[in-house]
1. Filter region 1-25 down to the residues that are touching a residue at least 24 places away in the same chain (Cβ under 8 Å) and among the polar types (S, T, N, Q), then identify the one that is surrounded by the most Cβ atoms within 10 Å (Cβ to Cβ).
2. If the requirement is being touching a residue at least 24 places away in the same chain (Cβ under 8 Å) and not hydroxyl-bearing (Ser, Thr, Tyr), which of these qualifies: 103, 79, 111, 88?
3. How many residues are without any contact (Cβ under 8 Å) to a residue 40 or more places away in the chain, closer than 14 Å to residue 132 by Cα and within 8 Å of the chain's Cα centre (by Cα) if we restrict to region 26-76?
4. For region 24-57, give me each residue that is β-branched (Val, Ile, Thr) and either touching a Pro at 6+ places or on another chain (Cβ under 7 Å) or over 18 Å from residue 7 (Cβ atoms) (or both).
5. Quick one: count up the residues across region 1-26 that are in a loop (DSSP other than H, G, I, E, B), within 17 Å of residue 77 (Cβ to Cβ) and touching a helix residue (DSSP H, G or I) at 6+ places or on another chain (Cβ under 8 Å).
6. I need the full set of residues from region 92-112 which are assigned to a loop (DSSP other than H, G, I, E, B) and not basic (Lys, Arg), in order please.
7. Please pick out the residue among 76, 130, 83 that is surrounded by 12 or more Cβ atoms within 10 Å (Cβ to Cβ) and either in a loop (DSSP other than H, G, I, E, B) or out of contact with any strand residue (DSSP E or B) (no Cβ under 9 Å at 6 or more places or on another chain) (or both).
8. Here's a check for you: in region 127-137, which residue that is closer than 14 Å to residue 42 by Cβ and of a type outside the set (Gly, Ala, Ser) is modelled with the lowest pLDDT?
Amino acid sequence: MLQNLNFVKQTLLNGGCSCVLSNGNTTLKSRERGVKPILDFIEGGADFKGFAAADKIVGKAAALLYAYMGVGALYAQVITDSALKICIKYGIKTEYDTLTDKIINRVGNGICPMERITENIFNPVEALTAIKKFFLS
């Protein structure tokens, strides 16, 4: 697992990706922003149990989605306090560079909408449902 975590971390930092997943045999990369790549991976239907993930920014919504996927390890360049708590709760080994209290939206005038949606959600299945509903509306 540690070897895969180091691999996805280096791939993220060197490859211009926003999100990388690997189990040592299969590696998936995305340049999409936000939780979109995680949703795309989930929609693909693969089994991600035991995978390592690396992501530029991990808020609570992303952490809940990674927990839903069953990833075993996660590297984040930036992670929120609430996301780190989710990772601990679901047994995801986590490494990060910067710990912050919140993620600001892309316009810069408030909290990220995904963080607002998952503020009172602590269950990965409920989070996935709420996030999908947001994108469908």
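The values are calculated or read from the model by the stated rules, or taken from the named source; none is laboratory data. Keep in mind that what you see is a predicted model, and the values were worked out from it rather than measured. Cβ coordinates were reconstructed from backbone atoms using ideal geometry, including for glycine residues, and neighbour counts include every protein chain displayed.
1. The residue in question is 4.
2. Working: 79 fails: touching a residue at least 24 places away in the same chain (Cβ under 8 Å); 111 fails: touching a residue at least 24 places away in the same chain (Cβ under 8 Å); 88 fails: touching a residue at least 24 places away in the same chain (Cβ under 8 Å).
Result of the check over 103, 79, 111, 88: 103.
3. 1
4. 35, 38, 42, 57
5. Initially, region 1-26 is screened for residues in a loop (DSSP other than H, G, I, E, B), giving 1, 16-18, 23-26.
Remaining after also requiring within 17 Å of residue 77 (Cβ to Cβ): 16-18.
Adding the requirement that they be touching a helix residue (DSSP H, G or I) at 6+ places or on another chain (Cβ under 8 Å) leaves 17-18.
So the count comes out to 2.
6. Here is the first cut: in region 92-112, the ones assigned to a loop (DSSP other than H, G, I, E, B) are 92, 101-103, 105-110, 112.
Across region 92-112, the qualifying residues are 92, 101, 103, 105, 107, 108, 109, 110, 112.
7. On the way: 76 fails: either in a loop (DSSP other than H, G, I, E, B) or out of contact with any strand residue (DSSP E or B) (no Cβ under 9 Å at 6 or more places or on another chain) (or both); 83 fails: either in a loop (DSSP other than H, G, I, E, B) or out of contact with any strand residue (DSSP E or B) (no Cβ under 9 Å at 6 or more places or on another chain) (or both).
Exactly one residue qualifies, and that residue is 130.
8. So, considering only residues that are closer than 14 Å to residue 42 by Cβ and of a type outside the set (Gly, Ala, Ser), the one modelled with the lowest pLDDT is 135.
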